[in-house]
Structures are given as C-alpha cells and as structure tokens.
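Have a look at the structure below before the remarks.
The values are calculated or read from the model by the stated rules, or taken from the named source; none is laboratory data. Note that the structure is predicted; figures quoted are calculated from it, not measured. Here Cβ is always computed from backbone atoms with ideal geometry, including for glycine, and neighbour counts include all displayed protein chains.
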Amino acid sequence: MSTHHYIVTIEGEKKEVSLAPDGERWALTLDGVTHNIEQTIIERDEIYSLIIGGQSYMVDLVGKDWDAGKLTVSALAGSLEVLVRDELEAIAEEMSDSGSTEGLFELKAPMPGIVVKSLVKPGEKVLRGQGLMILEAMKMQNELSSEMDGLLQEILVADGQMVETGALLARVIQEDE
Amino acid sequence: MPKTIKKVLVANRGEIALRVMRALRELEIPSVAVYSEADREAAHVLFANEAICVGPAASTESYLRIDRILAAVKSSGADAVHPGYGFLSENPAFARALRDAGVVFIGPSPEAMEVMGNKLTARAAMIEAGVRVIPGSDGALHDPEEAARLAGEIGFPVMLKAAAGGGGKGMRVVREEGELAQALEATQAEAAKAFADSAVFVEKYIDRPRHVEIQVLADRKGNTVYLGERECSIQRRHQKVVEESPSPIVSEAMRREMGEMAVRVAKACEYEGAGTVEFMVDADRDFYFLEMNTRLQVEHPITELTYNVDLVKLQLAVASGKALPFTQADLQPRGWAMEFRIYAEDPATDFLPSTGKIHRLREPEGPGIRHDSGIYEKYDVPVFYDPLLSKLVVFGETRGEVIQRARRAFSEFVIAGIRTNLPFHQWLLRQSDFEKGDFDTHFIDRHFKPELLESDEDLPFVALAAATLAYHQHGRRMNFAGLQAFSRRPSRWKLAARREAVTRRQN
C-alpha cells in the first residue's frame with residue numbers, strides 16, 4: 001500500500017512523518033521508529049480513540065483549520081497545536097517565496113536539500129511549467145519548474161551543492177521580443 | 001408566621017443563578033431568570049422557567065439596575081428574590097426597595113448589611129460586641145511617641161497603613177522600634193503624595209496570614225448556628241482560587257472558638273439567613289475578625305458537603321419564616337471537601353482572561369465529584385462579566401483522598417476553545433506544601449511560575465499522531481468529494497495550482 005509523507009510541526013519542531021495503512025491499523029513512522037496505531041473514529045474530525053502500542057488515548061480535535069493544516073489536539077488533560085502539511089504542500093508553500101515579478105522569475109529552494117542537477121543550461125529557452133532543476137530533500141527528488149516563459153539567465157548553484165531554504169537557485173528572464 | 005414562597009426571581013447570572021434555580025426546582029418553585037442582552041444564550045436563561053431581559057450587556061445597565069430588576073419582579077409576579085453573590089446581593093437599597101414592595105429578599109435585613117458594609121462601622125461594632133479584631137490604632141497617629149506607645153502595646157512587627165490607601169500602596173512593615181519614627185515619616189509623606197491625605201494608622205502585621213471563614217446561619221426566631229470553617233488561603237490578587245473545608249490548621253477547639261465568635265458577630269447585627277464571617281489567622285493560629293459577607297458565598301458547596309446540608313434551601317426556609325431544622329449540637333462535620341474555581345484565565349500568560357466559544361466540554365464524573373457550572377458545550381463566553389465559569393467541588397473521606405480524587409478529576413476535565421486555569425489546578429495539586437496543608441495567602445505569588453506548568457510527556461507524540469491521521473483522512477475525503485466541494489474552497493485551488501509547480505519523481 002502507498003505511504004504518505006507529511007511534514008508536521010509541533011512545539012516549534014519540524015518532523016517528517018510517514019503514514020501507511022497496515023491492515024485495519026496504521027503504521028506511523030517518526031524519527032526512524034514505526035508505531036502501530038489502532039484508530040477508532042467516534043465522531044469524524046472531532047473525537048478519536050487511539051490505541052498506540054497498547055496505550056489507550058482519547059483525543060479531541062478542538063481547533064481545526066484544514067486549509068492551513070493547523071489542528072489543535074486535546075488529550076491527556078492538555079492540548080497542543082500541530083501543523084500538518086503533506087510533503088508537496090510543504091514544498092509548494094516554501095516555493096511561494098519564489099515568484100515572478102515583471103518579467104523576472106527567481107527560483108528559490110523551497111526547503112533545505114541537495115541540488116541533483118540542472119535540467120536547462122543558461123541561455124536556453126524555457127516554458128512555464130518546464131522543470132529547471134532537481135532538488136533532493138527528505139530522500140525524495142523534487143523537480144522545480146519555471147512559473148513563466150522566458151530565457152534561463154543564470155544558474156547560481158552547482159550540482160551536488162547543499163542549499164538552505166530560500167536560497168536563490170536560478171533566474172529566468174523574459175525573452176526580448 | 002411562615003409564608004409560602006411561590007415564585008422566585010434570581011437576580012444573578014452564571015453558575016450561582018443555576019445553583020439557586022436547582023434548589024427551586026427541587027422544591028417545585030418556579031424560577032425567573034433576568035438576563036442582559038449579551039446573555040440571551042446563557043445557561044441560567046435556558047434553565048429557568050421564565051426569563052426577562054433587563055437591559056444591555058454592561059451590568060451597570062442590567063444586573064445592577066434596581067429599577068429594572070424591580071420591574072421584572074412585578075411583571076413576573078415573583079414573591080421573592082434571591083440575589084446570589086456579587087451584583088446587588090449586598091446592596092441595602094435593593095433589599096429595602098424589595099421590602100417596600102412587599103417582596104421577600106432572600107438574605108439579611110438592609111440594616112444588617114449597612115453595619116457590615118462599611119469596614120470602619122463594622123470594626124467599631126465588633127469591638128463593642130467583644131469580637132477580636134486586628135489590634136491597631138483606632139484613628140490616625142499624631143506623633144512618633146504615640147506610634148511607639150501603640151506599637152509597643154501591639155507588639156512588633158507592625159504595619160503602618162495610609163488611611164486612604166489601598167491596593168498594597170501606602171503600607172510599610174516595621175520590624176523593630178528603632179525603625180519606627182523614620183518609617184512613620186516616610187509613610188506619611190508617601191500617603192500625602194499618593195492620596196493627598198497623610199493620615200496613617202498602625203496595626204499588627206500578620207506575617208504568614210491565612211484566610212479562614214466561618215459559615216453562619218440564623219433564623220428569625222433567634223437561633224444562630226455556625227457550620228464550621230472554610231480555608232480560603234489559596235488566592236491570587238485577593239481572588240480566591242481554591243477553598244477547602246475543614247481547614248488543615250483548625251482543631252476542634254479552635255473551630256468551636258471561631259464558630260462561637262462568628263455567632264457573636266452575627267447576633268451583634270441581628271443577622272438573618274446565611275452569612276460568612278471572615279477571619280485572618282496568624283502563624284500562631286490567633287485569629288482576628290476581618291469582615292462579614294452578608295450573602296451566600298461562592299465557596300458554599302464545600303460546607304454543604306461536609307455538613308450534609310443545602311444552604312440555598314435553608315436560606316429559602318429562613319426567608320419564609322421557618323425555624324432552623326437543627327441545633328448547634330446536631331451539626332457534626334464529616335469528610336473533607338475542596339472547591340476549585342474554574343476561571344477563563346490563562347495561567348501561561350499571567351492569567352490573561354479568555355473569552356469565546358467552548359468547542360468541547362467534558363466534565364469530570366464519578367465518585368465525590370460535584371460540578372456547579374454556568375457553561376455548556378457550544379456556549380460563547382461573553383466578555384462582559386466575571387471570569388468564573390464553574391466550580392469543581394470534590395468530596396472524600398480524608399484530605400488525602402480528596403487530593404487524589406481531584407487529580408483524577410482534572411485528568412478527565414476538558415474545556416476547549418477558550419483558555420482556562422485547569423493547568424494551574426493540576427500544578428497546585430502536585431505541590432508538596434499544598435499536599436501538607438502548609439500555605440498562606442502568599443502561596444501562589446511565592447511559588448507559581450508559568451514555566452512550572454507541565455503536561456503529560458506522551459502528549460506531543462499523541463497529538464502528532466492524532467493530527468496526522470485526522471489530516472490524512474480529511475484530505476482524502478476532500479479529494480473524493482470532488483470538484484464541487486473544491487470550488488467552495490478557493491484556497492485549496494490555489495494550493496493545487498502551486499503543487500503543479502513541483503513534480504514528484506520517484507528515486
């Protein structure tokens with residue numbers, strides 16, 4: 001069965017979480033450890049019973065902004081706010097820092113990662129949606145593409161280079177008519 | 001001659017209005033709620049048999065308006081009014097207006113309220129009745145010689161207090177005679193500057209004060225009894241947070257002594273109904289009269305549990321002219337009770353008040369639990385009134401059992417949507433000094449810090465797992481729901497468009 005990847009922020013820490021159905025249960029992997037979870041939905045999006053490794057927890061979802069993935073969970077006589085994004089959403093949101101302004105598109109790293117390779121050479125024509133570069137992060141390769149038609153003006157990173165979130169990777173400019 | 005009360009208007013809101021109405025319903029007496037425009041959905045309005053709007057949200061325009069409450073009494077045909085606590089409960093003009101209108105006020109006479117309503121007249125009346133008050137000068141000090149003489153009589157340490165002062169300003173502790181003259185001069189100068197009145201008096205300084213109060217009950221036939229003490233020292237800025245009965249420091253002999261003094265206080269003002277005499281207790285367990293509250297107290301349930309009485313029903317009986325159904329000798333306490341006030345205040349942010357909708361309410365249940373509440377799930381807590389949401393009252397055989405039971409009760413208590421002081425109570429119940437009963441009115445100021453609030457160590461993982469699963473399932477449902485559902489969620493469209501900019505490649 002398919003495994004889903006999520007980026008979960010809790011108490012200020014970003015964690016990679018993968019989730020896969022495991023028969024009637026769920027296998028949730030965090031920090032290299034897989035937990036077996038039996039979940040019963042008492043009221044959808046509201047009240048759950050979780051049995052994790054034999055430990056029983058009653059959980060209330062008391063705050064929810066599904067679009068932002070911001071959920072407030074109440075359990076064990078306390079509560080915590082949790083931010084959940086699926087991996088693609090997380091990348092897409094980081095990318096919203098990139099953007100095109102008036103004939104210029106700056107490709108920025110949506111997350112920390114390693115540049116696998118550039119797909120286009122400086123001076124070549126690119127189309128909107130065309131892949132410019134492959135960035136590996138969280139053991140997955142992500143193809144980052146241009147948001148506008150134009151010419152690849154320059155590439156600012158080398159293959160194999162580590163980049164941080166927001167690092168400028170490449171610039172696309174409008175082609176002169 | 002006993003008069004039957006047929007309908008009662010409850011001139012209050014929140015948990016106390018419900019408390020009173022519950023007693024009325026048990027007696028099959030119809031209840032009338034009054035409410036402000038902001039309180040149409042309040043629990044007391046939903047519970048009452050009848051309900052009348054008495055004005056806008058601000059209590060000065062509604063719950064405190066004697067004329068409007070009187071009009072509601074008349075239009076409803078109520079023949080008695082229960083004032084609860086706060087609002088008009090200790091207002092002699094209100095009690096007098098009702099008496100003039102031929103309506104029973106469930107409380108003492110306006111004359112008794114007037115005596116007790118003013119600290120100076122109350123002190124004078126109590127001294128006359130032979131009640132022990134905090135030793136001090138009865139008026140302003142004239143010179144250092146007088147101050148030295150009085151301080152010597154009282155015994156050091158003493159407190160110099162500006163007559164016009166308040167809120168902790170214009171007060172100075174003097175621990176020995178050598179410091180006195182200079183301290184007096186400084187306090188007088190400070191008082192003159194801060195209050196434009198240099199009058200300063202001296203009284204005994206009580207180092208580690210505890211606040212212990214006695215419940216009294218008096219009928220019109222001259223019977224006055226006491227129903228033991230309530231320990232109310234766990235306070236924050238003079239606001240009580242946790243109370244218990246009995247007090248860990250009160251012996252049987254001390255209870256009798258305090259109780260008899262409280263009865264003397266009540267008799268001195270010809271008190272009628274339920275009242276509370278507050279005492280300050282020092283480290284040597286000497287106690288001094290502070291004031292009398294001429295109404296039902298917030299923390300009355302702990303007395304109800306330890307004395308097995310219903311104080312609201314007893315108030316009604318006394319107000320209808322009946323004699324008390326017991327004598328002092330009949331009143332023997334049993335077990336232990338604690339009340340935890342649940343406030344809409346966030347202990348993590350210096351007890352900032354919090355308002356809004358209660359999304360989830362799961363109340364503790366099981367042995368020894370009583371929850372007197374003015375809230376319900378989906379109720380929107382308004383900004384206009386007291387932050388007291390409810391009171392969790394826990395009963396057990398011993399103090400130790402009550403603490404265990406209270407910890408258990410807080411483990412099941414969920415109030416979500418607004419911030420409350422539930423985490424504070426969980427903290428308090430783990431403090432060894434609290435467990436030992438070793439505290440005074442400065443306990444919270446001295447020991448509590450927001451950093452000390454703890455949650456269960458499993459919480460982060462459980463929250464992470466629950467949120468990830470919920471989000472995963474919600475997302476899948478959204479996908480299945482198809483385009484129609486998406487079209488109502490523009491931000492999802494935006495995300496979908498952004499996603500197109502990233503294409504996943506499998507390794």
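Any chance the range A:48-57 includes a residue that's part of a strand (DSSP E or B) and farther than 16 Å from B:Asp458 by Cβ? Checked the range A:48-57: no residue is part of a strand (DSSP E or B) and farther than 16 Å from B:Asp458 by Cβ. Filter the range B:416-442 down to residues that are of a type in the set (S, T, N, Q) and under 17 Å from B:Lys391 (Cβ atoms), then give me how many there are. Matching residues across the range B:416-442 total 3. Looking at the structure I just gave you, is B:Leu422 more than 30 Å from B:Arg334 (Cβ to Cβ), within 12 Å of another protein chain (Cβ to nearest Cβ), surrounded by 18 or more Cβ atoms within 10 Å (Cβ to Cβ) and among the aliphatic types (A, V, I, L, M)? For B:Leu422, the condition - more than 30 Å from B:Arg334 (Cβ to Cβ), within 12 Å of another protein chain (Cβ to nearest Cβ), surrounded by 18 or more Cβ atoms within 10 Å (Cβ to Cβ) and among the aliphatic types (A, V, I, L, M) - is not met.
Here's the yes/no breakdown for (1) farther than 28 Å from A:Leu61 by Cα; (2) in a strand (DSSP E or B); (3) modelled with pLDDT under 95:
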position	(1), (2), (3)
B:Asp372	no, yes, no
B:Lys378	no, no, no
B:Val383	no, no, yes
B:Val402	yes, no, no
B:Glu435	yes, no, no
B:Ser455	no, no, yes
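In the range B:199-303, counting only strands (runs of 3 or more DSSP E) that sit wholly within it, the ones holding 2 or more residues that are in contact with a strand residue (DSSP E or B) (Cβ under 9 Å, 6 or more places away or on another chain), within 30 Å of B:Glu179 (Cα to Cα) and hydrophobic (A, V, I, L, M, F, W, C) span B:200-204, B:273-281, B:287-293. Of the listed requirements (1) within 11 Å of chain B (Cβ to nearest Cβ); (2) over 29 Å from A:Ser49 (Cβ atoms); (3) in contact with an Asp or Glu (Cβ under 6 Å, 6 or more places away or on another chain), A:Thr72 misses just one: (2). Among the candidates A:Leu152, A:Leu169, the residue that is crowded, with 16+ Cβ neighbours inside 10 Å and farther than 26 Å from A:Glu89 by Cβ is uniquely A:Leu152.
Answer yes or no as to whether B:Asp440 is acidic (Asp, Glu), buried (at least 18 other Cβ atoms within 10 Å of the Cβ) and farther than 27 Å from A:Val62 by Cα. So B:Asp440 fits the description; yes. Comparison of B:Ala124, B:Ala101, B:Ala140 shows that the only residue that is small (Gly, Ala, Ser) and over 30 Å from B:Ala274 (Cβ atoms) is B:Ala140. The residue of the range A:49-69 that is surrounded by the fewest Cβ atoms within 10 Å (Cβ to Cβ), among those that are facing chain B (nearest Cβ under 8 Å) and over 26 Å from the mean Cα position of the chain (by Cα), is A:Gln55. The combined condition, being in contact (Cβ under 8 Å) with a residue 12 or more places away in the chain, touching a Pro at 6+ places or on another chain (Cβ under 7 Å) and closer than 19 Å to B:Pro460 by Cα, is not fulfilled by A:Leu71. Among the residues of the range A:144-162, those that are touching a residue at least 40 places away in the same chain (Cβ under 8 Å) and away from every other protein chain (no Cβ under 14 Å) comprise A:Gly150, A:Val157, A:Ala158, A:Asp159, A:Gly160, A:Gln161, A:Met162.
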